[in-house]
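See structure below.
Nothing in this text is a laboratory measurement; each read-out follows from the coordinates by a stated rule. In this text the structure is predicted, and so the values were computed from the model without any measurement. Using ideal geometry, Cβ is built from the backbone for each residue, glycine included, and neighbour counts are taken over all protein chains shown.
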Amino acid sequence: MHPISTHESNAKLLTDLKSGNPVFYPISQTKSAKEVLTHLPISHADLITASQRLQRWSEALTILFPQLQANQLQSNKGLIESPLLTLNNPESVTGVAIQGKTLIKADHLLPIAGSIKARGGIYEVLAFAEKVGIEQGLITENDDLTKLVTPNAKALFANYRVGVGSTGNLGLSIGLMSAALGFQAIVHMSADAKAWKKALLRQHGVTVIEHTGDYATAVEAGRQAILDEKNAHFVDDENSLDLFLGYAVAGLRLQQQLQTIGIVVDKDHPLLVYLPCGVGGAPGGITWGLKQVFGDNVHCFFAEPTASPAFLVRCLSDSPVSVYDFGLINQTEADGLAVAQASELVYELVGELIDGCYTVQDNELFPILTALKDFENLQVEPSATAGFLAPKRLQASLQDKGILDNPNATHLFWTTGGSFLPITEYKEFYQRGESTY
Ligand SMILES: *Cc1c(COP(=O)(O)O)cnc(C)c1O
């Protein structure tokens, strides 16, 4: 599809990529979104089913998490959703003047997990709980799911294990939801995972196993540990359709939120979405969901650290590759994005749907983190700032910079985590950004 090439245009890109310089890689897709979507193994019906599952869980979730009573989408209590905000000072935050509308999809405020992982991770745990509930005769198909949050159900779930490998946030999401339902939860953390995330999980009774290796090592260890176990489910971040579909529901939710504030997305009013990317599941699922809703009128760009451009190198290659193959080290302060190799499943689903990838240096993230506090009063983690570098990268790209001057365009920056950061951790990041403003 996008062969790793000796292709002229990619030569400079490859040199920059290998030397750790930020790059912008636009992908001009040859097929329409509709054409691509019809040939994928999942369909619009699957998106609706996933959305309905979360709807069916809403009452049960308000029992487990009373904070879900008062939700942004008032009509939808019990939904785990984030607000759609206006980026009031785009130039102060991104360093670039933008003519169109600028919005923030504030997933750093997602309840329960405090990151974008609340979408896919929690969805998959709920799907597993339903499966067990049906197998054990607690519920029937499409039954009242409040039956799964009773002391009785909890006692039964205590015989089941849920495992996951993570750089931190997925572990938080899976661990906190599993523990709330009563499952035994085991989280395998990579070396990147922050101490506070492990501590928080342990406080909730989750077993945390620490690994000295990278993200893929933690995932593999978690997978092996649970492989032969009965009564166990492994949330496979590298290869899970449930995770993907959970993320994708964001497409429907965003459509509704844009409608509410009167923002039109059509041929003359393009929507550009900037998504921080690790293994690809979250940005990939959201891209697929958005393409289902807006087709070719939405343009999705993935942002990755210069040390970990896993999705970008996959897009450049004919077969699975890791950033290590390009001499990169996968060491970054953006711990949520510290992934060396993209999910092959996600690549197959969205490789022909995304509009481009770009990379960001660690030292570019902190000034944005600080500016988001100073100008927008938002507390995000370093990974969640990567989307805001898009205007800079677009500006440097000859063919794409015109989009920044288009008054009809809407630019949407996805903030993916940070509201759970302990204040001492956050202050360090903030100060680091302050000194490099
Ligand atoms: C996990 C994560 C992402 C990216 O999601 P992937 O599914 O790994 O691509 C982005 N931002 C934050 C804060 C994350 O935790």
Notebook entry, point to check: Can you give the alpha-carbon Rg of the range 231-302 over 2.2 N^0.38 Å, where N counts its residues?
Noted result: 1.23
Item checked: Using alpha carbons only: equivalent-ellipsoid semi-axes of the chain, gyration tensor based, whole Å -> 33, 24, 22
Item checked: Tensor-based shape of the range 69-171 (alpha-carbon gyration tensor, a/c under 1.5 rounded, otherwise prolate or oblate) -> prolate
Note to self: Using DSSP to call loops (not H, G, I, E or B), can you name the trypsin sites (Lys or Arg not before Pro) in the range 218-266 whose Cβ has at most 13 other Cβ atoms within 10 angstrom?
What the structure shows: Lys230
Check: Which angle between 0 and 90 degrees, to the nearest 10, do you get for helix 362-376 versus the longest principal axis of the chain when only C-alpha atoms count?
Finding: 80
Check: Which three semi-axes in whole Å describe the equivalent ellipsoid of the range 271-337, each the square root of 5 times a Cα gyration tensor eigenvalue, listed largest first?
Finding: 24, 13, 9
Next item on the list: Could you list, in their original order, any pairs among Lys18/Lys401; Lys198/Lys401; Lys34/Lys105 whose Cα atoms are separated by more than 30 Å?
Entry: Lys198/Lys401
Next item on the list: Find the centroid of the Cα atoms in the range 238-258 and in the range 314-361, then give the distance between the two in whole Å.
Entry: 20
Margin query: I need the shape label for the range 88-239. Rule: rounded when a/c is under 1.5, else prolate if a/b > b/c, else oblate, with a, b, c from the alpha carbon gyration tensor.
Written below: oblate
Check: In the structure shown, do any of Lys77/Lys230; Lys131/Lys197; Lys12/Lys373 have a Cα-Cα gap over 32 Å, and if so which?
Finding: Lys77/Lys230; Lys12/Lys373
Note to self: Suppose only helical runs count, i.e. DSSP H with n ≥ 4. What mean residue ellipticity at 222 nm does that imply for the chain under -39500 (n - 2.57) per run, divided by all residues and rounded to the nearest 500 deg cm²/dmol?
What the structure shows: -13000 deg cm²/dmol
Notebook entry, point to check: Does the range 310-437 come out rounded, prolate or oblate, given a ≥ b ≥ c as the square roots of the eigenvalues of its C-alpha gyration tensor, rounded meaning a/c under 1.5 and, failing that, prolate meaning a/b above b/c?
Noted result: oblate
Next item on the list: Mind telling me which of Ala185, Ala371, Ala396 comes out most flexible in a GNM of the chain, alpha-carbon contacts under 10 Å?
Entry: Ala396
Note to self: Which one, Asn330, Pro151, Ala371, is farthest towards the positive end of the dipole of the chain when Lys and Arg carry +1 and Asp and Glu -1 on their Cβ?
What the structure shows: Pro151
Next item on the list: Please give every one of the aspartates and glutamates within straight-line cross-link reach of Lys147, meaning a C-alpha to C-alpha distance under 13 Å, and leave out same-chain neighbours fewer than 8 residues apart.
Entry: Glu59, Glu130
Check: Taking the chain as a Gaussian network, Cα atoms linked when under 10 Å apart, which of Gly356, Gly327, Gly246 shows the biggest mean-square fluctuation?
Finding: Gly327
Margin query: Loop-only GluC sites (Glu not before Pro) in the range 204-276, please: DSSP not H, G, I, E or B, and at most 15 other Cβ atoms within 10 Å.
Written below: Glu229
Note to self: With a 10 Å cut-off between alpha carbons and a GNM built on the chain, which of Asp228, Asp16, Asp362 moves the most?
What the structure shows: Asp228
